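The values are calculated or read from the model by the stated rules, or taken from the named source; none is laboratory data. All figures in this text were calculated on a predicted structure; none of them were measured in a lab. FYI the Cβ positions are ideal-geometry reconstructions off the backbone, even for glycines, and counts take in every protein chain you see.
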Amino acid sequence: MSTHAEELKLRLMTIELLRTAKYKRNITYRELSSKTGLPVTVLSRYAKGHVLPNTARAKQLWKVLTKLVGLERELRNRIRFNEDGYFDNTEIIGDFNILQQASNHALANFAGKRVTKVLTAAVDGIPLATMVASALGVNLVIAKRNKEVGVKAFLEETYALKDSGVTMTLYIPKDAVKRRDSVLIVDDMVKTGETQAALVDLVRKAKAEISGVFSLIAVGDEWKKKLKLSERCPIEVITYVKAP
């Protein structure tokens, strides 16, 4: 997708989010004005479709409106850790509305940046990554735990699962990510960062560029150190939760 098309899509979906806040959540223009810092008259013109916000303002509005409309709150309401520190993410990764909002969130944050591929690890990250790749108009690459018979050559990365003594290997077809690619790494949840670090290493083995990391949920932020990314590489997470 061209940058112009991405930016236009962002501007249009920001208007839809504004309308959701105004007409479905019944947030007044006065409240919206106090939260966004924009005059009531400007917000009214946006909501009625008389004018579109420019890209910079659309990004500004998007960040405020998502907090008001509540994707983060919706995610938090569905997170319930068990006694072993795990939670059932079925209701999250299977909810089309959540995935749609999340993919719009990714577009809002990465529109205008160079992204040519989306990379995720099988299996839970696939629904979100598919939606994000569709929103950005790029192809999806899935790192799998087994080699597929029809693929001639692979890039692979082996890593140890924390505190388990077990190793895991991820594989992608060798030609799936090329040197000229700029890859966005997407996953539904980040806990220890081991899987995401392995995805980062796969991109580096392909000698490609990492355009960023996007996730619905992250437990703490210690995992960021394992990724060893430049400060210029954006990491976008919709909601952070404390480790149980």
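Select from segment 162-177 the residues that are touching a residue at least 12 places away in the same chain (Cβ under 8 Å), surrounded by fewer than 20 Cβ atoms within 10 Å (Cβ to Cβ) and in contact with a Ser or Thr (Cβ under 8 Å, 6 or more places away or on another chain) and list them in ascending order. Of everything in segment 162-177, those that are touching a residue at least 12 places away in the same chain (Cβ under 8 Å), surrounded by fewer than 20 Cβ atoms within 10 Å (Cβ to Cβ) and in contact with a Ser or Thr (Cβ under 8 Å, 6 or more places away or on another chain) turn out to be LYS162, MET168, THR169. The set of residues in segment 148-161 being surrounded by 13 or more Cβ atoms within 10 Å (Cβ to Cβ) and assigned to a loop (DSSP other than H, G, I, E, B) consists of VAL151 alone.
When segment 206-244 is limited to residues that are of a type in the set (Gly, Ala, Ser) and part of a loop (DSSP other than H, G, I, E, B), the one that is surrounded by the most Cβ atoms within 10 Å (Cβ to Cβ) turns out to be ALA206.
For segment 100-119, a tally of residues being surrounded by 19 or more Cβ atoms within 10 Å (Cβ to Cβ) and either among the charged types (D, E, K, R) or not assigned by TED's automatic domain parsing to the domain that holds SER134 (or both) returns 1. Scanning segment 178-218 for residues that are within 17 Å of VAL138 (Cβ to Cβ) and of a type in the set (Gly, Ala, Ser) returns SER182, ALA206, ALA208, SER211, GLY212.
The set of residues in segment 1-43 being among the polar types (S, T, N, Q), outside any helix (DSSP H, G or I) and more than 30 Å from ASN139 (Cα to Cα) consists of ASN26, THR28.
With the requirement that a residue be part of a loop (DSSP other than H, G, I, E, B), out of contact with any Pro (no Cβ under 8 Å at 6 or more places or on another chain) and over 14 Å from SER215 (Cα atoms), what does segment 84-120 give you? ASP84, TYR86, ASP88, ASP95, ALA111, GLY112, ARG114, VAL115, THR116, listed by residue number. Just give me the residues in segment 51-78 being surrounded by fewer than 18 Cβ atoms within 10 Å (Cβ to Cβ) and outside any helix (DSSP H, G or I), in sequence order. Selection gives VAL51, LEU52, ASN54, GLY70. Residues that are in a loop (DSSP other than H, G, I, E, B), under 23 Å from the mean Cα position of the chain (by Cα) and touching a residue at least 12 places away in the same chain (Cβ under 8 Å) within segment 121-147 comprise ALA122, ASP124, GLY125, GLY137, VAL138, ARG145, listed in sequence order.
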